[in-house]
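The structure appears right after this line, and notes come after that.
Values quoted throughout were computed directly from the atomic coordinates according to the rules given, and no laboratory measurement underlies them. What you see is a predicted model; the values in this text were computed from it and never measured. No Cβ is skipped: glycine too gets one built from the backbone with ideal geometry, and neighbour counts run over all protein chains shown.
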Amino acid sequence: MTLFELIAVVFIIGMVSLMAALHYSNTTLADIGAQGFARRVALDCSQARRRAIATGDNHLLRFTLSGANATQYALYRKVGGVPTLVDDVHAVPANVTVTTGSVTDVEFQFTGEAVASYTIIVTSADRTRTITIPQVTGRAFVQ
């Protein structure tokens, strides 16, 4: 190969990379972040449910609300009516909006049931994902 051919190949690879970067704009990345965050919340709900069954103590996800939107949440264990933090605090990513219907606690009983039915809505620029937790089963579903 000559130096000219090598430069041409590097230039073509650079152009393809630039087109791919432009294709995945901020809204696409925000949608991917929202989908991942919705799955993380659903998995943390499942973890709270499993911990409640295993320990016999109610466990809950407590959301910190600013206005109608959640800014962060954490997993708590409720012993004697007093919630104790058992996991890290998770912040809501930028470009993602989370609404819980003004509910701050998503709580699970030792039987695996939720205390109430919950709906958590995770919204990004182009898509909305809904996490539904029925009271009877306490299992989180992402739609």
Size of region 45-123 as Cα extents on the principal axes (Å, biggest first): 37, 24, 19
About the Cα centre, charge dipole magnitude for region 3-142 (Lys/Arg +1, Asp/Glu -1 at Cβ), debye: 340
Given charges at Cβ of Lys, Arg, Asp, Glu: the chain dipole, positive-most of 72, 7, 84: 84
Cα-based Rg / Dmax (Å) for the chain: 21.1, 77
Nitroxide proxy distance, nm - points 7 Å out along Cα→Cβ at residue 104 and residue 43: 2.8
For peptides 68-76, 109-117, sequence by mean Cβ density within 10 Å, most packed first: 68-76, 109-117
Residue 7/residue 69 FRET efficiency (R0 41 Å; Cβ-Cβ; nearest 0.05): 0.20
Calculated FRET efficiency for the pair residue 128/residue 54, C-beta based, R₀ 30 Å, to 0.05: 0.35
Under Karplus coefficients 6.51, -1.76 and 1.60, residue-wise ³J(HN,Hα) of region 108-121 in Hz, glycine/proline x: 10, 8, 5, 7, x, 7, 7, 5, 8, 7, 10, 9, 10, 10
Peptide ranges 119-125, 13-19 listed from the most packed, as the mean C-beta count within 10 angstrom indicates: 119-125, 13-19
Rel. contact order, % - alpha carbon contacts under 8 angstrom, at least six apart, the chain: 23
Residue 105 long-range amide H proximity, modeled H, under 5 Å: 63
Cβ-defined net charge surrounding residue 52, 15 Å radius [Lys, Arg +1; Asp, Glu -1]: +1
Average Cα contact separation per residue, region 44-116, under 8 Å, 6 or more apart, as relative contact order %: 37
Cα long-axis angle, helix 26-55 against the chain (0 to 90 degrees, to the nearest 10): 30
